[in-house]
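Undergrad: The structure under discussion is supplied below as structure tokens; questions concerning it will follow.
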Amino acid sequence: MESDVRIPDHVPAERVVHFDFRNDEAIRHDPYKYIADLKNCPDIFFSPDLGGYWVIRPSEAIAEVFTDHERFTATSLAIPKRDASIVLIPNNFDPPRHTAYRKAMANNLFSPRALATIDPDTRDFARQLFDHFTPGKCEFVSEFAYKLPIDIFLNLMGADLSLRDQCLSWIKLIFRGRSAEETGQGFIEAYAWVTTWLKEQLADPSRNKGSMFQALLRMKIDDKQPDFEDMRSMTLMLFSGGLDTITSQMTHIMHFLAESPAHRQRLIDHPEDIPVALEEMLRRFGISFIGRSVAKDHVFYGVQMKKGDVVCAGTPIAGLDADQWDNPLEVDFDRGGRRKVKHLGFGAGPHLCIGAYLARKQLTVMLEELLPRMPNLRIAKDTVIENQAGATMMLKALPLEWDVTD
Ligand code: HEM
């Protein structure tokens, strides 16, 4: 989709390249090949699409954008830029303000105590979802990848699982909205729900046994309990950061494994290889396009950036950087020897994904619980697999089949 955004005067003509990660036709069909082909573009280029923004290609420069809040502020994360009336804590705060919130969330919401039963709970939910499949087939996105993260989230927050479909409709609007209005609508509806739900829970907190909700109550920020606004913002952050991301990641990994019997068999025969293999798949199938706003005029890798410019740190771009990875499109579980590869799939620096443990747990359980139950796994015949682009990349549908044995 071409756009008529005026190219700012400080952008050299040779650095202007169209790249619309939300609407380009190619990203719907073969997203990772399309992204790998960016290697032919300048290291840093300006796309006039999506309101006009800088795209960073070298993974080391992407890591700098994630890490250096003095030059790239997280107060604006959306591409195109969105009215920031809803602040997501801690993601929208820069250090030093960010630090106390981040620490309190890490020490409480994501503490071993809050996540004590996460392994058995995740396995239980995963097995229940499998048992609901028609024997030998499923539509993986709607029947598993959407449901598992929402069920886990609602369980941790002590919310009723019957809210699943409502949550799903807001998540779809927030992440797959076809316009800024639709995305905004998703946030407004989720915000209204979180407001009501939180008020009800706080009216009688002892009734809610959700371990994350209880952690929210225990939390102190600079020795003070967070006020209602802060609690609401953190809840909305967990809701918007922790659901669609895992779903998206699951869809690409399962798609790959359904088409790669050798990789799949290795994980079935050697489940001890899963932790290392998972990191390679997180590198290869990055999903997030995250925005920053330039905080002050400066020259970045030889390119003049002006305060207020939008910059995209794309984890799929970092994972396919040919200067960093040999044959980046190849999935090689032994790429790092016995070591896990270091990738930017969860970002870097102060905002490094706080839910990475939870995400890895759900992805690992998916591999451990589903693959052995799906012999001769394959994509259903005559299926065209389509990527849904957005702030994260997710497959629209993934019809799978496998052999049923007694
Ligand atoms: C595969 C799944 C996931 C992926 C790929 C992912 C990716 C990311 C990335 C790239 C960032 C950095 C954002 C930035 O620098 O602005 C991030 C931050 C964050 N993620 Fe995740 N995430 C996942 C799962 C989760 C889960 C399960 C949760 C929580 C339930 C979560 C909560 C957060 C939060 C709160 C932040 C902001 C942290 C901060 O600002 O300090 N994420 N995530």
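The values are calculated or read from the model by the stated rules, or taken from the named source; none is laboratory data. Worth saying up front: this structure is predicted, and the values here are computed from it rather than measured. Every residue, glycine among them, receives a Cβ derived from its backbone with ideal geometry; neighbour counts consider all protein chains shown. These area figures cover heavy atoms from the full protein model, side chains too; ligands, DNA and RNA do not enter into them. Shrake-Rupley method; radii C 1.70, N 1.55, O 1.52, S 1.80 Å.
Undergrad: Across the stretch 351-406, what is the total count of residues that are part of a strand (DSSP E or B) and within 16 Å of the ligand (Cβ to nearest atom)? Can you show your working first?
TA: We begin by selecting, within the stretch 351-406, every residue part of a strand (DSSP E or B); these are 378-379, 387-388, 392, 394-395, 399-401.
Restricting the remaining residues to those that are within 16 Å of the ligand (Cβ to nearest atom) gives 387-388, 392, 394-395.
Looking only at that region, the number is 5.
Undergrad: Scan the stretch 254-276 for residues that are surrounded by fewer than 22 Cβ atoms within 10 Å (Cβ to Cβ) and closer than 30 Å to Phe187 by Cβ and jot them down.
TA: The one that is surrounded by fewer than 22 Cβ atoms within 10 Å (Cβ to Cβ) and closer than 30 Å to Phe187 by Cβ: His255.
Undergrad: Regarding Asp230, is this residue open to solvent by less than 50 Å² (accessible area, probe 1.4 Å), closer than 22 Å to Leu329 by Cβ and either at pLDDT below 95 or over 22 Å from the mean Cα position of the chain (by Cα) (or both)?
TA: Values: open to solvent by less than 50 Å² (accessible area, probe 1.4 Å): yes; closer than 22 Å to Leu329 by Cβ: no; either at pLDDT below 95 or over 22 Å from the mean Cα position of the chain (by Cα) (or both): yes.
Judged against the criteria, Asp230 is not a match.
Undergrad: Is at least one residue of the stretch 20-36 over 25 Å from the mean Cα position of the chain (by Cα) and surrounded by 14 or more Cβ atoms within 10 Å (Cβ to Cβ)?
TA: Taking every residue of the stretch 20-36 in turn, none turns out to be over 25 Å from the mean Cα position of the chain (by Cα) and surrounded by 14 or more Cβ atoms within 10 Å (Cβ to Cβ).
Undergrad: Quick one: is Arg71 open to solvent by 20 Å² or more (accessible area, probe 1.4 Å), within 30 Å of Val194 (Cα to Cα) and over 18 Å from the mean Cα position of the chain (by Cα)?
TA: Values: open to solvent by 20 Å² or more (accessible area, probe 1.4 Å): yes; within 30 Å of Val194 (Cα to Cα): no; over 18 Å from the mean Cα position of the chain (by Cα): yes.
No; evaluated as a whole, the condition is false for this residue.
Undergrad: Considering every residue within the stretch 72-81, establish whether at least one is farther than 27 Å from Leu329 by Cα and among the basic types (Lys, Arg).
TA: Scanning the stretch 72-81 turns up at least one residue that is farther than 27 Å from Leu329 by Cα and among the basic types (Lys, Arg).
Undergrad: Now a separate question. Taking the options Ser248, Ser293, name whichever one is assigned to a helix (DSSP H, G or I), at pLDDT 95 or above and within 16 Å of the ligand (Cβ to nearest atom). Give the steps one after another, and end with the answer.
TA: Details: Ser293 fails: assigned to a helix (DSSP H, G or I).
From the options Ser248, Ser293, the qualifying one is Ser248.
Undergrad: For the stretch 307-324, enumerate the residues that are open to solvent by 20 Å² or more (accessible area, probe 1.4 Å) and closer than 17 Å to Tyr34 by Cβ.
TA: Ala322
Undergrad: Tell me, which helices (runs of 4 or more DSSP H) lie completely within the stretch 1-71 with 1 or more residues that are hydroxyl-bearing (Ser, Thr, Tyr) and over 15 Å from Pro316 (Cβ atoms)?
TA: Result: 59-67.
Undergrad: Is there any pair linking a residue in the stretch 354-371 that is closer than 13 Å to Leu282 by Cβ and open to solvent by less than 20 Å² (accessible area, probe 1.4 Å) to one that is at pLDDT 95 or above and within 7 Å of the ligand (Cβ to nearest atom), with Cβ under 6 Å and at least six apart or on different chains, and which?
TA: Ala356/Phe346; Ala359/Ile246; Gln362/Ile246
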